[in-house]
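Everything below concerns the one structure shown next.
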Amino acid sequence: MGDGSARCAVLGSRKLTDFAGIAGALMARCTYVPLNARHPPQRLAQIMCEAAAQALVVDRNHLAHARAVLEDTPHSVLVLLPDSSSVPDWAMGMPHQFLSQGDLTQPCVDVLPAGSPEDGAYLLFTSGSTGAPKGILVRNRNVMPYLRSVAARYAPGPDDRCTQLFDLTFDLSVHDMFVAWGAGASLYRIPDSARFAPRDFVRRHALTMWFSVPSTAATMLGLRALRPGDFPSLRLSLFCGEALPKRLARAWAAAAPNAIIENLYGPTEATIALTAWRLPREENVLDALPEVLPIGKPLPGQATIAVNASDVVVDDGEEGELCLAGSQVTDGYWRRPDLTAQRFVRFAWDDRVWYRTGDRVRNSMNHGLVFLGRVDRQVKIAGHRVELQEVEAVLHRAADTNAAAIAWPIGPDGLARGIVGFAGTSSRPDDALLQACRDALPPYAVPSAIRRIDDWPLNNSGKTDHGRLRSMMEAETCSRTQ
Amino acid sequence: MTIDNSPLLRLLSDALAQRLHRDGRNTVRIDADTDLIELGIVDSQALLDMILDAEAGSGQLFDAEGMDFESGVTLRRLAAAFAAPA
């Protein structure tokens, strides 16, 4: 049992044991720390240490991965193996305590401790611009307002059948689990092999609620697995995690003719999603919308503003950096007061703490906020946040030369489809650089290729000119297609 | 990679081999029945690219309805889901 401050990591890949591990951690008043079994052990061990996780739940499919993580975790951890019949031999000699199925007692739900709003709900690690992942502790008092807003807005109920597509390391999975469980609805875990084209799955189970990143819909459209009338059972379709192109939303609206379609927006620092915008069904209204659809207005109890470079709130129609305040905004970065001070700020004209998102927006009187891009070098790959500086730090260490990374290519919907790395010509071979990236970064942040550059492009400040790198890739693409 | 000789299988395996080579993963062993998703070597974008490459190379269209994704994504299953040219 925890006291609201203990942390229990869960290593898995959306298996039943992983969901049970999360529920069990929370019921025992522990903050859960999801670890993705597809991410390299080196990175997961780093997170175990940063989080100072006291316990780790591992499903039997990932024992080998757990071994590699635990070998690099110096502090003592209670390792729970709820679906393993015995403790593996390799556990002997480790500084950790292992409990397998037979060692675990039956659950005693009547003696569970009462939780507190201050308890940590989950601690997520996301890409960090300094070259290492950074943690964000989301407390019960942050996540409960979101769940209440969702319950009021969409009225989920016991008859609903909801998609579960997100990795548990993606905070949108918190919506999946707790919206469904809180309403007594059914949560349908879509198998990994069908996650990018779940048309048949949705139809067969007559799912009623859909939640994904726009990239999932884009892949379905690319595979011609998104056709008019495909999803009559859906009454709600939510998209979040990256920009929603109008073309894609139109295709989805045709495929799900009975669904309310909403575009949600929010960084992990502000708990899952903080704004929402509803797609109009009228064609003439759709025609007048921008190609990247609006992100709308804040949920109840939350606030948004856009500020200029002087931290002055801009007028409607003017561009500024989006800042967020309200009960969903977390306290800052886990054990990183330096980063927290940079992004969680108080303005002279307001008492509240505002989170600076780094997203450029303008406010439209008609549609609410419209996303315009980033003020920094963060990109989204299939909805996953990647700070390109983190990729560059790994490349630089491995190559020992200049190194850079850009999002490339950009698909026809304006969504980034991958990352390309750059290094000087005198460094180690491409294989070695890519392996170094695979050893340190989640799969979506690993460059798809390395380009070698003789004459490193520098801007007037003597820094890497990323615009020229992008131009090089554009020129390469043009010459290939001509 | 060890792949039998159907033209579509060959196209798909060539596209995958190119991708693995570009990623510096020449040593990954794959046959026509290897589950590409379970092995973690392709993501949705890579899979889409492979399919589009094979469509361009064969003149045949991939029919997503002809593929049972939930049973796993293998080169053989992908090849079988290509329809003959119209």
Residue span A:Cys108 to A:Ala348: 0.36 nm per residue of separation minus Cα-Cα distance leaves a gain in nm of 81.3 nm
Residue-by-residue Karplus 3J(HN,Hα) for the range B:65-76, coefficients 6.51, -1.76, 1.60, Hz, glycine and proline x: 5, x, 10, 8, 4, 5, 7, x, 10, 10, 4, 5
Estimate the FRET efficiency between A:Gln97 and A:Ser310 by the formula 1/(1 + (r/R0)^6), using the beta-carbon distance for r and 56 Å for R0, to the nearest 0.05. 0.55
What nm value, rounded to one decimal, do you get for the distance between A:Ser479 and A:Ala288 when each label is placed 7 Å out toward the C-beta? 4.7
Taking each residue of A:215-222 in turn, how many C-beta atoms of other protein chains fall within 10 Å of its C-beta, and what is the average? 3
Taking the alpha-carbon centre of each part, the distance from the range A:72-94 to the range A:339-372 in Å is 44
Projecting the Cα atoms of A:Ala55, A:Tyr32, A:Gln101 onto the charge dipole of the range A:6-115, where Lys and Arg contribute +1 and Asp and Glu -1 at Cβ, the residue farthest towards the positive end is A:Tyr32
Among A:Leu226, A:Leu293, A:Gln46, whose Cα sits farthest toward the positive end of the charge dipole of the protein assembly as shown (+1 at Cβ of Lys/Arg, -1 at Cβ of Asp/Glu, about the Cα centre)? A:Leu293
Residue-span extension gain [A:Arg227 to A:Asp465] - 0.36 nm each, minus C-alpha spacing: 81.5 nm
Could you derive backbone 3J(HN,Hα) for the range A:188-203 from the dihedral phi with the Karplus parameters 6.51, -1.76 and 1.60 (θ = phi - 60°), listing whole Hz in sequence and x where the residue is Gly or Pro? 9, 6, 7, x, 3, 5, 10, 5, 8, 8, x, 3, 5, 4, 5, 5
In degrees, nearest 10, the alpha-carbon axis of helix B:7-22 is tilted away from the dominant principal axis of the alpha carbons of chain B by 30
Using alpha-carbon positions, what is the distance between the centroids of the range A:219-296 and the range B:16-86, in Å? 28
Three principal axis lengths of chain A [C-alpha, angstrom, descending]: 63, 58, 52
Residue separation times 0.36 nm, minus the C-alpha to C-alpha distance between A:Arg247 and A:Trp181: what's the value? 20.5 nm
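Rule-based calculations on the coordinates, nothing more; no lab input. Just so we're clear, the structure is a prediction, and the values are computed from it rather than from any experiment. Don't worry about glycine lacking a Cβ; one is built from the backbone with ideal geometry, like all the others, and counts go over all protein chains shown.
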